[in-house]
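Chemist: Starting off with a structure, shown below.
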Amino acid sequence: MKFPSPVSLQWIADLIGARLVGNTTAQATGINEIHRVEPGDLVFVDHPKYYDKCINSAASFIIINKETSFPEEKALLITDSPFEAYQTLVNHFRPFVPSTKAVSDSAIIGEGSWIAPNAYVGNNVTIGSNCRIHPGVTILDHTVIGNNVVIQAGSVIGSDAFYYNTKKDRDVWYKRMESGGRVVIEDDVEIGASCTIDRGVSHDTRIGRGTKMDNQVHIGHDSIIGPNCLFAAQVGIAGAVEIGSGVVLWGQVGVSKTLTIGNNAVVLAQSGVPSDLEGGKIYFGTPTEDAMVKKKELIWVKRIPEIWEKLMK
């Protein structure tokens, strides 16, 4: 999530009640979670297991619960509860604002676009020209939609990320991280009925130009989908996944979090993707393997009773 303009670290430290050490005169340009940080960003960490990863990431500034060594050009904002500090920042720069109309007054709708009855368009949404938004579609705050986009009935764009801070030493183990990110849908995308696309935790969930989705597809927070992809019904993609251009995922494919699928890969129906896939190949199975290898395995599995019978004789 980018701030409207660069913000003084000292001002941020005062807002979240943190002690500032290091490059105290610097300015932050945004706040991001670790998978998407960029120079100028703030990131938060509250467990020693992840200190090194955050401190040595692209992030320039780290909200942390203990002073530790760090590069001299960076800064630490030290507070007992980095998670609560993150929540404070998101709520300050992107607060929840109730909308009382089906189409918010702050929404921008391009020429030739049609918004069906019973659709909802939230605050600060931008919709390009010649789009078709069908009945029952919900487009939540800060979503950006390009030109010539079709969204079929019942889909939800921009719902909160399924992303929780977990601490099992408190009564409520899972506390939702406020979603300060957006969904960005590029030109010529078509989204089927009853699809769900979560906004980023603090970055953008992005759907590339020309991508087409069947019904009941789910895209998790902060995932980046390349151009000209094709996803069949009931595909589920977890958070912070990067999918290249021209990727085809057939029905009920499940993709685990924080992995990469290369350009022009094809994953056959009902496969489970637990790790990165190289582009330009066809995959099948759970876990996914080269489709021809997996099919040969299945043939041998079917022959097990026959082989067993021969062995017994």
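The values are calculated or read from the model by the stated rules, or taken from the named source; none is laboratory data. None of these values were measured; they are calculated from a predicted model. All Cβ positions, glycine included, derive from the backbone under ideal geometry; neighbour counts span all protein chains shown. Accessible surface is based on the protein model in full, side chains and every heavy atom, while ligands, DNA and RNA are left aside. Shrake-Rupley method; radii C 1.70, N 1.55, O 1.52, S 1.80 Å.
Residues are listed down the side, and each one gets a yes or a no for (1) closer than 20 Å to residue 186 by Cβ; (2) open to solvent by 90 Å² or more (accessible area, probe 1.4 Å); (3) part of a strand (DSSP E or B):
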{"position": "245", "(1), (2), (3)": "yes, no, no"}
{"position": "257", "(1), (2), (3)": "no, yes, no"}
{"position": "280", "(1), (2), (3)": "no, no, no"}
{"position": "293", "(1), (2), (3)": "no, no, no"}
{"position": "298", "(1), (2), (3)": "no, no, no"}
{"position": "310", "(1), (2), (3)": "no, yes, no"}
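Chemist: Then there is this: Residues to consider are 127, 78, 115, 133; find the one that is of a type in the set (Val, Ile, Thr) and under 21 Å from the mean Cα position of the chain (by Cα).
Modeler: 127
Chemist: How many residues are open to solvent by less than 40 Å² (accessible area, probe 1.4 Å), touching a strand residue (DSSP E or B) at 6+ places or on another chain (Cβ under 6 Å) and either polar (S, T, N, Q) or assigned to a strand (DSSP E or B) (or both) if we restrict to the range 157-186?
Modeler: Residues that pass the stated criteria total 7.
Chemist: To continue, here is another question. Provide a single number: the residues in the range 240-286 that are under 21 Å from residue 216 (Cβ atoms) and in contact with a Cys (Cβ under 8 Å, 6 or more places away or on another chain).
Modeler: 4
Chemist: Quick one: count up the residues across the range 82-120 that are in a strand (DSSP E or B) and either open to solvent by less than 80 Å² (accessible area, probe 1.4 Å) or touching a residue at least 24 places away in the same chain (Cβ under 8 Å) (or both).
Modeler: Residues that pass the stated criteria total 4.
Chemist: Which residues, taken from the range 187-203, are farther than 13 Å from residue 151 by Cβ, without any contact (Cβ under 8 Å) to a residue 60 or more places away in the chain and crowded, with 18+ Cβ neighbours inside 10 Å?
Modeler: If the condition is that a residue be farther than 13 Å from residue 151 by Cβ, without any contact (Cβ under 8 Å) to a residue 60 or more places away in the chain and crowded, with 18+ Cβ neighbours inside 10 Å, then 198, 199 are the ones that fit.
Chemist: Checking the conditions here, which among 233, 240 is open to solvent by 20 Å² or more (accessible area, probe 1.4 Å) and either free of Cβ contacts under 8 Å to residues at least 24 places away in the same chain or part of a loop (DSSP other than H, G, I, E, B) (or both)?
Modeler: That would be 233, the only listed residue that is open to solvent by 20 Å² or more (accessible area, probe 1.4 Å) and either free of Cβ contacts under 8 Å to residues at least 24 places away in the same chain or part of a loop (DSSP other than H, G, I, E, B) (or both).
Chemist: Looking at (1) within 24 Å of residue 160 (Cβ to Cβ); (2) surrounded by fewer than 20 Cβ atoms within 10 Å (Cβ to Cβ); (3) modelled with pLDDT under 95, can you tell me which one residue 286 breaks?
Modeler: Of everything listed in (1) within 24 Å of residue 160 (Cβ to Cβ); (2) surrounded by fewer than 20 Cβ atoms within 10 Å (Cβ to Cβ); (3) modelled with pLDDT under 95, residue 286 misses just condition (1).
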